[in-house]
1. With in contact (Cβ under 8 Å) with a residue 12 or more places away in the chain, open to solvent by 20 Å² or more (accessible area, probe 1.4 Å) and in contact with a Leu (Cβ under 7 Å, 6 or more places away or on another chain) as the only criterion, which of Y85, Y58, Y72 stands out?
2. If the Cβ limit is 7 Å and pairs must be 6+ apart or interchain, which residue in the stretch 313-336 that is under 19 Å from L443 (Cβ atoms) and of a type in the set (G, A, S) pairs with which residue that is at pLDDT 95 or above and open to solvent by less than 10 Å² (accessible area, probe 1.4 Å)?
3. Within the stretch 551-572, work out how many residues are of a type in the set (A, V, I, L, M, F, W, C), open to solvent by less than 30 Å² (accessible area, probe 1.4 Å) and within 16 Å of L342 (Cβ to Cβ).
4. Of the residues Y477, Y422, which is without any contact (Cβ under 8 Å) to a residue 60 or more places away in the chain and on the phi > 0 side of the Ramachandran plot?
5. Between a first residue in the stretch 520-538 that is within 18 Å of E313 (Cα to Cα) and a second residue that is among the basic types (K, R) and open to solvent by less than 50 Å² (accessible area, probe 1.4 Å), which pairs have beta carbons less than 7 Å apart while being 6 or more apart in sequence or on different chains?
6. Restricting to the stretch 47-94, name every residue that is among the basic types (K, R) and either under 23 Å from the mean Cα position of the chain (by Cα) or at positive phi (or both).
7. Listed residues M607, M598, M580; which is in a strand (DSSP E or B) and under 23 Å from the mean Cα position of the chain (by Cα)?
8. Given the residues K514, K538, K508, K502, which is the only one that is under 21 Å from G437 (Cα atoms) and of a type outside the set (F, W, Y)?
Amino acid sequence: MALSKKNVDPKLTPVIHTRISNFLKKLSSLGPLTPFILFIFLSLCIFFIFRLGLSIAYGQRIIVQHDFWYMYFIGVRMDMIIISYFLFLPFAFFLLLPKSINKYLKYFWILYFTLLIDVIFFLEMATIPFLKQFDLRPDRIFIKYLDNINEVAGTVWKANGFELIITIILLIFVHWFCWRSFNRIITNYVSFKWPRRMIAFVVGGVLLFICARSSFGIRPANISTAYFSENKLVNELTLNSTYSIFYAVYSQAKEKDPSAVYGDMSEEAVFNRVKNKTYIPDSLFIKSTIPFLHKQYSAVKQSRPMNVVILLEESLGAEYVGCLGGLPLTPNFDRLSKEGLLFSDLYSTGTRTVRGIEATVCGFLPTPGSSVVSLGLSRTGFFTAAQLFSKYGYATEFIYGGQSNFDEMRSFFLGNGFQKIYDEPTFEKPVFKGTWGVSDEDLAIKADQVFDAHGDKPFFALVLSTSNHSPFEFPDYRIKLYDQPKSTVNNAMKYADYCIGKLFELAKTSDYYKNTIFLVVADHNTRVFGNDFVPVNKFHIPGLMIGSGIQPGVYEKVASQVDLLPTILHFAGIDTEHPMIGRDLLAVPKNDPGRCFMQYGMNYGYMVGDSVVVLKPYQQPVGFLYNRKTLRLTPVPVSGEMKKDALAHSLLPWDLYKSKQYRVL
């Protein structure tokens with residue numbers, strides 16, 4: 001690939017001209033790879049310069065984080081993810097299709113690379129005022145502003161006129177420089193011969209795929225990968241603004257407005273119907289912009305605020321729990337069930353771990369879209385148990401044997417009240433390590449050590465297990481196998497139960513045990529299947545609460561995961577304010593049979609006692625009776641009021657999420 005003399009710009013000074021020419025000549029030996037190398041180089045330079053500049057500008061806030069400098073290395077990783085996605089299409093074009101390109105394609109690709117650099121540069125410039133205003137990189141708020149460009153442009157001009165002029169001037173220079181650089185390269189485009197092109201295509205394609213995935217594990221990197229720090233600002237600077245904008249667009253695509261699929265109802269009617277079913281006295285509601293914010297007084301007076309531990313068990317369905325009439329796989333849980341309050345008719349809100357987190361840790365109802373754990377508007381300022389307890393002086397932590405960036409949990413937790421995260425990299429010399437991380441017994445040992453280290457300081461912890469997850473890996477000689485071969489769901493359930501027993505065995509020898517409320521609950525059941533629109537039996541899960549002031553017994557009414565955190569607060573020994581609509585199950589009137597909510601794909605189930613309403617997309621709601629012997633739904637008429645209640649509960653979470661009204665003051 002040669003550079004023609006006619007492309008030399010006589011206006012350039014000899015020194016600059018010589019350096020640029022030499023640089024492009026060195027690149028020319030890379031043939032069709034040249035525009036990619038230049039694009040990567042320019043993009044990384046822009047990202048690094050702005051990341052460095054912002055870290056200097058906010059030095060007082062980030063220097064307190066001892067490992068803040070990791071942001072530069074992890075930042076390059078995040079940069080290469082978005083850069084790689086931009087390069088897939090032109091890479092295939094330049095390596096596979098033409099040996100030479102006509103002038104129309106030439107200008108298309110020049111414009112393609114130049115405009116992308118323009119966007120990258122502009123978004124980094126826009127980050128400066130946006131970060132100052134919102135303490136975040138540009139996200140969906142930035143996108144929303146574009147819908148009102150006239151008003152926003154006027155505001156920006158008045159508030160940041162000088163900065164806007166500087167941005168325009170710099171953007172013109174960047175555009176001119178990139179246009180000329182890519183024009184030189186692509187105008188003189190010389191391809192490799194076919195054998196060399198194929199080798200370059202295979203090797204380069206593999207490298208692009210690796211960079212885009214940015215992981216050799218079972219899960220690709222995501223926005224949580226940038227959240228390595230407990231300092232929110234450090235995590236924001238680790239990202240780049242192009243990534244954060246594309247993530248905002250991606251997360252919006254995962255949202256689904258239930259009113260568009262189930263039918264509409266006025267906001268006032270939704271709020272009134274849901275409030276009437278909470279059994280919260282009107283006198284406890286707090287007048288604010290948060291519609292369901294209310295006071296909850298602890299019914300049990302404790303000598304000190306109680307520690308709270310939620311042990312969220314992966315896929316532990318009721319059908320695998322002996323004391324619930326399931327298979328004899330859980331002797332430890334069965335024994336412990338006699339020491340606490342067993343919820344025998346408890347139902348998950350969904351079929352994935354993030355749904356279990358959404359319900360048990362946030363007390364939030366499900367929606368047809370993705371869980372709030374992976375949505376954009378809930379990255380910060382969204383209610384969680386950690387956010388609540390931290391207001392009352394608790395240490396808050398998430399303990400998990402796998403990688404915490406799975407399903408973007410890490411970014412959600414650190415943005416919403418969790419102060420510490422202990423995941424797979426923090427486990428030293430684990431007993432066993434499988435596909436999903438370290439074993440549950442390693443998790444039990446780690447959790448006990450973390451709890452014990454708090455001394456007399458109250459703490460809240462979410463502990464998430466992994467062992468009873470396909471491919472069902474666990475260490476040998478811990479349990480008597482229920483069936484052969486070893487790696488089966490039944491054996492994994494039995495091992496998970498062994499680890500529940502181990503955690504309580506360790507806890508009972510520690511001082512913190514007497515001051516701790518434990519909730520052992522499944523995130524969801526195993527693989528959901530069946531002919532019913534909502535297979536209710538596959539949402540049935542175990543729940544057990546043990547701690548000071550909790551009388552052993554069985555709660556037999558229908559209950560939902562969203563009811564568990566309010567019920568914990570019944571015993572916690574602290575008076576709180578929160579927006580949860582879940583019920584304190586010990587305050588439910590005797591004549592109420594209980595209710596639960598189940599999101600199954602696009603179908604929504606609302607069950608009161610044995611009566612079930614199923615909302616299906618673009619269809620009228622239908623009624624059923626749940627037969628607990630056959631575990632099937634039988635079509636029956638249900639009242640119009642119950643159908644309206646089902647619709648109200650299905651619409652509420654979307655209203656609260658979109659308006660950011662699910663939080664504490």
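The values are calculated or read from the model by the stated rules, or taken from the named source; none is laboratory data. In this text the structure is predicted, and so the values were computed from the model without any measurement. Counting neighbours? That spans all protein chains shown, and the Cβs are built from the backbone with ideal geometry, glycine included. Areas reflect the complete protein model, heavy atoms only, side chains present, ligands, DNA and RNA absent. Shrake-Rupley method; radii C 1.70, N 1.55, O 1.52, S 1.80 Å.
1. Y58
2. S315/A522
3. The qualifying residues number 5.
4. Answer to the selection: Y477.
5. If the second residue must be among the basic types (K, R) and open to solvent by less than 50 Å² (accessible area, probe 1.4 Å), the pairs left are H524/R355; N525/K538; V528/K538.
6. The one that is among the basic types (K, R) and either under 23 Å from the mean Cα position of the chain (by Cα) or at positive phi (or both): R77.
7. M598 is the lone residue from the list that is in a strand (DSSP E or B) and under 23 Å from the mean Cα position of the chain (by Cα).
8. Result of the check over K514, K538, K508, K502: K502.
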